[in-house]
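Peer 1: Structure below; questions to follow.
The values are calculated or read from the model by the stated rules, or taken from the named source; none is laboratory data. Just so you know, these numbers come straight off a predicted model, no measurement behind them. All Cβ positions, glycine included, derive from the backbone under ideal geometry; neighbour counts span all protein chains shown.
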Amino acid sequence: MNLAIVGATGAVGQVTLRLIEARYPQHRNLKLLASKRSAGRKMNVNGKTFVVEETTDDSFDDVDIAFISVSTEASRRFGPVAARAGAMVIDDSSAFRMEQAVPLVVPEVNGSDLLWHDGIVSIPNCSTTPLVMVAHPLRQASPIRRIVADTYQSVSGAGGAAMDELREQTRTVMHGGPAEPNAQPQRIAFNVFPQIDGFNETGYTVEEQKMIDESRKILHAPDIALSATCVRVPVLVSHCVAAHLEFEQPVSAGEARELLSQMPGVTVQDDPAASVYPMPVSAAGCDDVFVGRIRKDASHPNGLAMWVVTDNLVKGAALNALQIAEEAVALGAVHGQRR
Amino acid sequence: DLTIAVVGATGAVGAEFLRIVEQRYAPDRRKAAMASQRSAGKRIVVGGEELVVEEATADSFEGVDVAFISASSAVSRELAPHAVAAGAVVIDDGSAFRMEANVPLVVPEVNGEDVEWHEGIISIPNCSTTPLVMAAHPLRELSPIRRVIADTYQSVSGAGASLVAGLREQSERLIDADHSSTASEPGQIAYNLIPQIDRFMDTGYTYEEQKMRQESRKILHEPELLISATCVRVPVYVSHSAAVHIEFDRPVSVGEAREALAGMPGLTVLDDPANAAYPMPWDVSGQDDVFVGRIRQDLSNPNGLAMWIVSDNLRKGAALNSLQIAEELLSRNRLKPRAANASVQA
């Protein structure tokens, strides 16, 4: 398979290449694409030196699978172009996620949805993925009626510039200087702020609405009641979610732990007596979604509360995309219904 | 003309208390600053006057009117009875006495009247409870509250000096570490989150989360209030934040809620999303008020509101609340405790 990585020099692109090296150490049929600004850079992948090229309309001839992780604008610009050239596009942006003809996929949850793709498959937002990964196995115990999710999202979710900004601000603040935000709406060093993306007229942010809309689509459960508060925290890598799930029937913590431990791609880390629970630094660099602090919700007889953590660049983006590609290859669905 | 003793004068809350006293009162009150044996002999300046910190012992409270204690529970349990016996009213910042039947647990703007029945000791709530009840109180006047879900983002100053120092030291040392792999160290708080504050109970909740539940019920006089909290430590120095979801008996509009909150003393509504205006630790630290923003209809529940609450955990979360209780006692003329077995008094 010829793979194109659009956004090869970005945070997610870099993780994609690292994962390709780990999972396919012989694979060299790669095209590394980026903006004009990054074109010309050299990168070594699987022992071969690649020159990063500028992404153009002609970049996708002979490409089987194109991963796009740059910006919503870039996806809109190049997604349809790549699909028309015959590539299967796996897109990490919000450009196409809610379109009817576009599957929105987390393979362990709704992998078969990619069978009906028409050239483009979207992966969900990095804060949605951990939530659906735990909701999916749990609803086997009882249908989920309502989810309240409050997030603790790392700066890498806003890109490399935001990571640099956290580091720079930390340095400056520690030496008594001011911390001016640029890449983000607010200063982040030693601060938290409850805004990720812009606001809707409902008072929710676009990020919070994504969690609501995308979770319903992936779970095929349009009637689940969902509310989220998405907060940026001074963490470099990994997103966390304090999740409160309300079921139709009571579900015990033991039952929940059992179902979660059987879910591929989920690891239970839940041993309070030993202070074992997921944390950003322990999830960073790992493939799985980690879940702990699983307990019956004291405020609702049918409720469970838990703490879910995943590396937002890995399962939250790059790994999920690669897994979709793998699933598509396994199902013979790379070129979909179009051939 | 009160004599105030501050036990735990060299700790973060004790220091904040002295700072606030200085800000609010002329510096001619006699003050006694006390701390552990380890800190005895240190000199601190209050109101332009240098005080020598004494070791706090059972005999330290002669002539003291109000003893403010912010130290460990063990210290509170040891010293409070002696302070009461010496005639002082104890305002305790720890968890030692909070849930006892004869100890009022007070946030003055919410249940100031509860100081009336004190028997020498008054407790202040946990720093994560106070902002929640400050917001819940005016809102429940609109409609009874059925259920609260609260997820917190708590600063390290709530855990004491060593975690503050740890955050500082780690933040600098780990700036350029490779955060893309699991190269963490035990106890790391810089660039990390810890979903555990205090020890765990058998229910899977931590004591911190349990405190929010029990204390809110006591302060609001709502013993059946349903609350679930997840308390998380974040790498912030000062101020606690909480994402809160409140479910009422009936739908409550955002307009109604904003108005009720704006009318609450000690609380400021900071809610202008169009201008990216909402409370944040960075702005709230050093302020007296509890700040509320992101107020909106809860999309998952027609009777629900969601919001974001931030307060300086050392001030309204501890020191300021304590001082306000002393002021409440003064204004209600309740500085000398009633006898526990009161008979008819002349």
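Peer 1: Condition first: of a type in the set (S, T, N, Q), within 30 Å of A:L304 (Cα to Cα) and part of a helix (DSSP H, G or I). Can you find one or more residues in segment A:136-150 that meet it?
Peer 2: Just the residues of segment A:136-150 that are of a type in the set (S, T, N, Q), to begin with: A:140, A:142.
Filter once more, keeping what is within 30 Å of A:L304 (Cα to Cα): A:140, A:142.
Next, from what is left, pick out any that are part of a helix (DSSP H, G or I): none.
So far as segment A:136-150 goes, no, none of its residues is of a type in the set (S, T, N, Q), within 30 Å of A:L304 (Cα to Cα) and part of a helix (DSSP H, G or I).
Peer 1: Give me the residue from segment A:14-54 that is buried (at least 22 other Cβ atoms within 10 Å of the Cβ) and in contact (Cβ under 8 Å) with a residue 60 or more places away in the chain and, out of that set, nearest to A:I90 (Cα to Cα).
Peer 2: Out of the qualifying residues, it is A:T16.
Peer 1: Let me spell it out: the conditions are (1) surrounded by fewer than 20 Cβ atoms within 10 Å (Cβ to Cβ); (2) in contact with a Pro (Cβ under 8 Å, 6 or more places away or on another chain), and B:H240 meets all of them except one. Which number is the exception?
Peer 2: Only one criterion in (1) surrounded by fewer than 20 Cβ atoms within 10 Å (Cβ to Cβ); (2) in contact with a Pro (Cβ under 8 Å, 6 or more places away or on another chain) is unmet by B:H240, namely (1).
Peer 1: Let me ask something else. I'd like the residue in segment B:290-313 that is outside any strand (DSSP E or B), touching a strand residue (DSSP E or B) at 6+ places or on another chain (Cβ under 9 Å) and more than 7 Å from chain A (Cβ to nearest Cβ) and, out of all such residues, is farthest from A:E180 (Cα to Cα). Please lay out each step first, then the result.
Peer 2: Filtering segment B:290-313 down to residues outside any strand (DSSP E or B) leaves B:298-303, B:312-313.
In the following step, the residues that additionally are touching a strand residue (DSSP E or B) at 6+ places or on another chain (Cβ under 9 Å) were identified as B:298-301, B:303, B:312-313.
Subset that is more than 7 Å from chain A (Cβ to nearest Cβ): B:303, B:312-313.
Details: B:N303: 39, B:D312: 22, B:N313: 25 Å.
Per the stated criteria, the residue is B:N303.
Peer 1: Another question, then. Being among the small types (G, A, S) and either surrounded by 22 or more Cβ atoms within 10 Å (Cβ to Cβ) or under 17 Å from the mean Cα position of the chain (by Cα) (or both) is the filter here, so list the residues in segment A:233-280 that pass it. Please lay out each step first, then the result.
Peer 2: Looking only at segment A:233-280, we keep the residues that are among the small types (G, A, S), and these are A:238, A:242-243, A:252-254, A:256, A:261, A:265, A:273-275.
Residues satisfying the conditions are A:S238, A:A242, A:A243, A:A256, A:G265.
Peer 1: Return the total of residues in segment A:99-145 being of a type outside the set (V, I, T), surrounded by 18 or more Cβ atoms within 10 Å (Cβ to Cβ) and closer than 27 Å to A:F78 by Cα.
Peer 2: 13
Peer 1: Restricting to segment B:185-217, name every residue that is on the phi > 0 side of the Ramachandran plot and either aromatic (F, W, Y) or touching a strand residue (DSSP E or B) at 6+ places or on another chain (Cβ under 8 Å) (or both). Outline the logic, then answer.
Peer 2: Within segment B:185-217, the subset on the phi > 0 side of the Ramachandran plot is B:187, B:191, B:198, B:204.
Correct list: B:Y191, B:D198, B:G204.
Peer 1: Turning to a different aspect of this structure: Only one residue in B:L105, B:L139, B:L132 is over 26 Å from B:A67 (Cβ atoms) and within 12 Å of the chain's Cα centre (by Cα). Which one? Quick ask: steps written out before the conclusion?
Peer 2: Working: B:L105 fails: over 26 Å from B:A67 (Cβ atoms); B:L139 fails: within 12 Å of the chain's Cα centre (by Cα).
Answer to the check: B:L132.
Peer 1: Among the numbered criteria (1) surrounded by fewer than 23 Cβ atoms within 10 Å (Cβ to Cβ); (2) outside any loop (DSSP other than H, G, I, E, B), which single criterion is violated by B:I246?
Peer 2: (1)
Peer 1: Out of all the residues in segment B:303-319, is one or more aliphatic (A, V, I, L, M), farther than 30 Å from B:E224 by Cα and touching a residue at least 40 places away in the same chain (Cβ under 8 Å)? Reasoning before the result, please.
Peer 2: Our first condition is that a residue be aliphatic (A, V, I, L, M); within segment B:303-319, this holds for B:305-307, B:309-310, B:314, B:318-319.
Subsequent filtering for residues that are farther than 30 Å from B:E224 by Cα retains none.
There is no residue in segment B:303-319 that is aliphatic (A, V, I, L, M), farther than 30 Å from B:E224 by Cα and touching a residue at least 40 places away in the same chain (Cβ under 8 Å).
Peer 1: Applying the selection to segment A:267-298, what residues are over 29 Å from A:D91 (Cα atoms), without any contact (Cβ under 8 Å) to a residue 40 or more places away in the chain and not in a strand (DSSP E or B)?
Peer 2: Listed by number, the residues that qualify are A:Q269, A:D270, A:P272, A:A273, A:A274, A:S275, A:Y277, A:A298.
Peer 1: Is it the case that A:A162 is outside the structural domain of A:G13 (by TED's automatic domain parsing), closer than 23 Å to A:M263 by Cβ and either of a type in the set (A, V, I, L, M, F, W, C) or buried (at least 16 other Cβ atoms within 10 Å of the Cβ) (or both)? Full working, then the answer.
Peer 2: Values: outside the structural domain of A:G13 (by TED's automatic domain parsing): yes; closer than 23 Å to A:M263 by Cβ: no; either of a type in the set (A, V, I, L, M, F, W, C) or buried (at least 16 other Cβ atoms within 10 Å of the Cβ) (or both): yes.
No.
Peer 1: Sticking with this one: What single numbered condition from (1) in a helix (DSSP H, G or I); (2) in contact (Cβ under 8 Å) with a residue 40 or more places away in the chain; (3) not aliphatic (A, V, I, L, M) fails to hold for A:T172?
Peer 2: That leaves (2) as the condition not met.
Each row is one residue, and each column tells you yes or no for (1) among the aliphatic types (A, V, I, L, M); (2) assigned to a loop (DSSP other than H, G, I, E, B); (3) free of Cβ contacts under 8 Å to residues at least 40 places away in the same chain; (4) more than 7 Å from chain A (Cβ to nearest Cβ).
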| position | (1), (2), (3), (4) |
| --- | --- |
| B:T152 | no, no, no, yes |
| B:A165 | yes, no, yes, yes |
| B:I175 | yes, yes, yes, no |
| B:I197 | yes, yes, no, yes |
| B:R213 | no, no, yes, no |
| B:R217 | no, no, yes, yes |
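Peer 1: In addition: Applying the selection to segment A:266-308, what residues are among the aromatic types (F, W, Y) and more than 7 Å from chain B (Cβ to nearest Cβ)?
Peer 2: Across segment A:266-308, the qualifying residue is only A:F290.
Peer 1: Could you please tell me which pairs satisfy a Cβ distance under 6 Å, a separation of 6+ or placement on different chains, a first residue in segment B:80-105 that is at negative phi and assigned to a strand (DSSP E or B), and a second residue that is polar (S, T, N, Q) and crowded, with 24+ Cβ neighbours inside 10 Å?
Peer 2: Within 6 Å, the pairs are B:I91/B:S322; B:D92/B:S76; B:D92/B:S123; B:L105/B:S123.
Peer 1: When only residues in segment A:69-95 that are assigned to a loop (DSSP other than H, G, I, E, B) and more than 15 Å from the chain's Cα centre (by Cα) count, which is farthest from A:E326 (Cα to Cα)? Walk me through it before giving the result.
Peer 2: In the first step, residues of segment A:69-95 are kept if they are assigned to a loop (DSSP other than H, G, I, E, B); the result is A:69-71, A:85-87, A:92-95.
Now narrow it down to the ones that are more than 15 Å from the chain's Cα centre (by Cα): A:85-87.
Working: A:A85: 20, A:G86: 18, A:A87: 15 Å.
In this case the residue turns out to be A:A85.
Peer 1: List pairs: first residue in segment A:180-205 and more than 8 Å from every other protein chain (Cβ to nearest Cβ), second residue basic (K, R) and in a loop (DSSP other than H, G, I, E, B) anywhere in the structure, Cβ distance under 6 angstrom, at least six positions apart or on different chains.
Peer 2: These pairs meet every condition: A:P181/A:R187.
Peer 1: Then there's this: If I filter segment B:262-271 down to residues being more than 10 Å from chain A (Cβ to nearest Cβ) and either out of contact with any strand residue (DSSP E or B) (no Cβ under 6 Å at 6 or more places or on another chain) or in a loop (DSSP other than H, G, I, E, B) (or both), which single residue comes out as nearest to B:Q23 (Cα to Cα)? Let's see the steps before the verdict.
Peer 2: Of segment B:262-271, the ones more than 10 Å from chain A (Cβ to nearest Cβ) are B:262-270.
Narrowing the set further to residues that are either out of contact with any strand residue (DSSP E or B) (no Cβ under 6 Å at 6 or more places or on another chain) or in a loop (DSSP other than H, G, I, E, B) (or both) leaves B:263-266, B:270.
Numbers: B:G263: 25, B:M264: 23, B:P265: 19, B:G266: 17, B:L270: 25 Å.
Filtering segment B:262-271 for residues that are more than 10 Å from chain A (Cβ to nearest Cβ) and either out of contact with any strand residue (DSSP E or B) (no Cβ under 6 Å at 6 or more places or on another chain) or in a loop (DSSP other than H, G, I, E, B) (or both), the one nearest to B:Q23 (Cα to Cα) comes out as B:G266.
Peer 1: Residues B:D198, B:D178: which one is of a type in the set (D, E, K, R) and under 22 Å from the mean Cα position of the chain (by Cα)? Lay out the reasoning, then the answer.
Peer 2: Details: B:D178 fails: under 22 Å from the mean Cα position of the chain (by Cα).
Among B:D198, B:D178, only B:D198 is of a type in the set (D, E, K, R) and under 22 Å from the mean Cα position of the chain (by Cα).
Peer 1: Separate question: Could you tell me whether B:D114 is within 13 Å of chain A (Cβ to nearest Cβ) and either modelled with pLDDT of 95 or more or outside any helix (DSSP H, G or I) (or both)?
Peer 2: On the way: within 13 Å of chain A (Cβ to nearest Cβ): no; either modelled with pLDDT of 95 or more or outside any helix (DSSP H, G or I) (or both): yes.
Taking the combined requirement at face value, the residue does not satisfy it.
Peer 1: Residues that are closer than 17 Å to A:V233 by Cα, more than 7 Å from chain A (Cβ to nearest Cβ) and either touching a residue at least 40 places away in the same chain (Cβ under 8 Å) or hydroxyl-bearing (S, T, Y) (or both): does segment B:276-289 have at least one?
Peer 2: Scanning segment B:276-289 turns up at least one residue that is closer than 17 Å to A:V233 by Cα, more than 7 Å from chain A (Cβ to nearest Cβ) and either touching a residue at least 40 places away in the same chain (Cβ under 8 Å) or hydroxyl-bearing (S, T, Y) (or both).
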